[in-house]
Amino acid sequence: MTIRTIYFLLAYSWSVGICAQDLPAATFDLPAFHNTDNNACDARTTKTQLSPDSRELSMIFPGCFLELGQNVAEKSRASCKFDLVFSKKLEKLETVRIDIRGSELKDTAVQLRYMISLGGQTHNFEYEKGRIIQSNDPAHSDFIRSFELTDIPAGARKIRLSFEGKGKSDHKASSSYIAIDTLDACIVDPGDEDQLECGDAAKRAKQNKCLKPE
């Protein structure tokens, strides 16, 4: 092997190493909403904000996601579907943390069910008749649901998210709702413990507009 060949191989190895280290950081673009039956969110009514480096996305949703009672409806369905969009195709495996905040109220005559889907994950929440969730007990009515999507593959351009909910009441005077107030999504280094929480949409969110019991 000649000295010239050795220098060429060293230079090539060095350049490959630098390229691997200097892959551009993944960033978010604005989300893309989908029209659905019983649609409960869209680009016009949902407030969206990107952090200065575009690695954090905050969304504040409009009003109430699903509500029953006080002559609103004895049966109700709601749906919200959108994509978290990356500004360009991912160059490597990435991890995204998602925090969803909201609140719930339910009386004994109501059955509530809703589902949160994130990429390949599906999480179901069911509240049968007889269970009570009171709005004056924030420890039980307010919620923060945190999720982590790991190993999002290189080449991915978006993550599909959806909320699906339905409720049924046996009494017109029942008062029940599900409010999904905010969503924060962050592209993170899974080894960085300082990134356990992300975004600040919850700090800027207004009180949900769901019906309030008398």
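The values are calculated or read from the model by the stated rules, or taken from the named source; none is laboratory data. In this text the structure is predicted, and so the values were computed from the model without any measurement. In this analysis, Cβ positions are derived from the backbone assuming ideal geometry, glycine residues included, and neighbour counts consider all displayed protein chains.
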Determine whether Ile116 is closer than 18 Å to Ser58 by Cα, out of contact with any His (no Cβ under 8 Å at 6 or more places or on another chain) and not in a loop (DSSP other than H, G, I, E, B). no
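Being buried (at least 18 other Cβ atoms within 10 Å of the Cβ), on the phi > 0 side of the Ramachandran plot and small (Gly, Ala, Ser), is that true of even one residue in the range 104-122?
Filtering the range 104-122 for residues buried (at least 18 other Cβ atoms within 10 Å of the Cβ) gives 104-107, 109-112, 114, 116, 118.
Cutting the leftovers down to on the phi > 0 side of the Ramachandran plot gives us none.
No, the range 104-122 has no match at all.
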Taking Ala139 as meeting all but one of (1) at pLDDT 75 or above; (2) out of contact with any Gly (no Cβ under 9 Å at 6 or more places or on another chain), write down the number of the exception. (1)
Kindly establish whether Ser87 is at pLDDT 95 or above and over 15 Å from the mean Cα position of the chain (by Cα). yes
Quick one: which residue in Arg97, Arg101, Arg157, Arg131 is surrounded by fewer than 14 Cβ atoms within 10 Å (Cβ to Cβ), among the basic types (Lys, Arg) and at pLDDT 90 or above? Arg157
